[in-house]
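Notes for the one structure printed next.
The values are calculated or read from the model by the stated rules, or taken from the named source; none is laboratory data. Because the structure is a prediction, the values reported are computed rather than measured. Counting neighbours? That spans all protein chains shown, and the Cβs are built from the backbone with ideal geometry, glycine included. To get the accessible areas, we keep the full protein, side chains included, count just its heavy atoms, and leave off ligands, DNA and RNA. Shrake-Rupley method; radii C 1.70, N 1.55, O 1.52, S 1.80 Å.
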Amino acid sequence: MERLSALDAEFLHLEDGVSHMHIAGISVFDGSAPTEDEVRALLASKLHLIPRYRQRLRSVPLELGRPVWVDDPHFDLGYHVRSTALVEPADDAALCRVMGRLMSQELDRGRPLWECWIVHNLPGDQWALIAKVHHCMVDGIAGVGLLEALLAIDPAEPLGSPEPWTPQPEPSAPELVLDAWGGLAGDLADRFRSLPGRALHPTEAIRSFASTGQGLLRIAERLVSAPASPIEGTIGPHRAWAHSSATIDDVRRVRTSLGGTLNDVVLAAVTRGYRELLLARGDDPATAHVRTLVPVSVRTEAAADRAENQVSAIIYDLPVEIADPIERLGSVRAHMTELKASHMPEAGEAVTAFADLVPPMLVGNVSRAYVRYIRSRSQRALDTVTTNVPGPQLALYCLGRRMTAHLPFVPISHGVRIGTAILSYDGCLFFGVTGDADTAPDVAVIAEAIEAGIAELVRLAAS
């Protein structure tokens with residue numbers, strides 16, 4: 001049995017039929033599409049590398065502990081691999097509509113929390129795989145690692161044989177409760193074991209506490225002082241989605257000529273995307289406010305093979321009021337440098353660690369009450385989310401077909417009507433913009449403006 005962390009369990013609490021907490025991506029391939037049987041055979045040969053994909057959630061009675069992962073005794077690979085096709089005209093807009101439709105449906109909690117869709121009839125003799133995984137299973141970094149397990153560097157790699165697998169018996173209700181409280185006691189013991197080490201290094205401990213406290217104050221300051229934004233508000237269950245791309249070489253040219261990091265350049269382009277959205281809607285960017293959550297990985301090398309979420313975050317106000325692209329990049333660079341030194345990620349990690357020690361019944365009830373409260377009201381703490389995940393920088397293949405693109409999807413939640421995901425693969429950056437279909441169907445404006453923003457900076461960097 002393996003228990004969910006408090007952060008993983010929170011992604012379950014946030015899901016309520018309107019906020020769908022799965023992450024996803026469209027992998028586009030050259031050539032003709034394989035059959036469902038071929039994809040199932042490939043997955044069957046790899047499942048021993050990703051055991052979570054044969055496990056489902058089991059709740060602890062009376063919520064005396066966080067849910068645990070158990071082997072699904074009725075696991076059926078055929079249920080998880082499905083097919084769909086683009087209707088004519090089979091263009092990019094049709095692909096975006098299919099993605100929006102599939103992302104509007106929640107995963108079945110009674111089964112392993114993932115699906116794989118083969119998409120036929122893409123233009124240009126191409127096909128796609130849409131992989132959809134619940135956020136409680138993986139974060140963006142681990143999600144890319146799982147994708148790599150299903151793909152091959154060698155296009156001629158032979159198909160392996162499935163390894164024998166027998167599901168472990170499900171634990172009884174008393175076993176679940178005893179494991180939950182034993183795990184909580186273990187977590188508390190781990191925290192107390194660290195105290196003697198801190199006592200031996202009091203200066204370092206004081207510095208760490210001070211840094212965490214500073215980060216908590218910065219987070220509280222930003223959440224409490226958030227003004228109203230024209231893009232935030234309540235959401236419905238349906239999703240819109242759009243995408244665009246750029247080359248990493250182009251972003252590097254901008255960084256070399258104009259300064260900043262790769263992430264600074266990308267965030268400046270994302271800022272232009274939201275500025276263009278405001279202009280298209282008739283809002284004034286000079287007075288508008290767009291605050292984004294930027295997830296930050298706290299995954300260590302020692303925990304690289306663990307699938308669960310290991311993330312913190314910083315909170316950043318996108319400078320949408322700045323029209324000049326070079327000035328905008330300079331503002332992003334200066335403020336991101338400041339935020340990286342603000343200790344926000346450390347504070348977020350400390351809050352997550354503390355949540356692991358709080359009784360799950362209390363956390364669950366508070367989380368669900370908060371979701372019910374903001375479902376009909378506009379939370380003003382955050383307006384959007386911007387997540388950037390590094391992917392493999394070499395060509396990958398599925399059943400001998402080369403993957404040409406991997407287009408990411410990020411979920412949205414109450415009050416956050418739009419989210420942007422960035423993923424790098426084989427020399428390219430791919431942007432996926434999610435919107436609430438009822439209130440933000442125009443996310444293509446952002447996607448196109450991000451691509452145009454990078455192209456604009458490239459031109460300026462060359463002049």
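Inter-label distance, MET1 to ALA93: 5.3 nm, where each label sits 7 Å from its Cα along the C-beta direction.
Go ahead and run the numbers for FRET between ARG58 and LEU460, Cβ-Cβ distance against an R0 of 56 Å, rounding to 0.05. Each step should come with its number before you reach the end.
On the way: r = 55 Å, r/R0 = 0.99.
Computed FRET efficiency for ARG58 and LEU460: 0.50.
Extension gain for the segment ALA323 to ARG281, taken as residue separation times 0.36 nm less the Cα-Cα distance, is 13.5 nm to one decimal.
Run the numbers for ARG40 and ASP125: contour at 0.36 nm per residue of separation, minus the present Cα-Cα distance, in nm. Mind showing how you got there, number by number?
Numbers: separation 85, 0.36 × 85 = 30.60 nm, distance 2.19 nm.
In short, 28.4 nm is gained.
Placing pseudo-labels 7 Å out from each Cα toward the beta carbon at SER104 and GLU175 gives an inter-label distance of 4.2 nm. Taking all protein chains together and a 1.4 Å probe, the residues LEU150, LEU178 rank LEU178, LEU150 from largest to smallest accessible area. Compared with the alpha-carbon gap, the fully stretched path from ASP438 to THR84 is longer by 125.0 nm at 0.36 nm per residue.
Per residue, how big is the convex hull of the range 1-142 when only Cα atoms are used? Give it in Å³.
Working: hull volume 17.3 nm³, N = 142.
Spread over its residues, the Cα hull of the range 1-142 gives 122 Å³ apiece.
Sorting SER245, SER19, SER104 on solvent-accessible area from highest to lowest, probe radius 1.4 Å, gives SER245, SER104, SER19.
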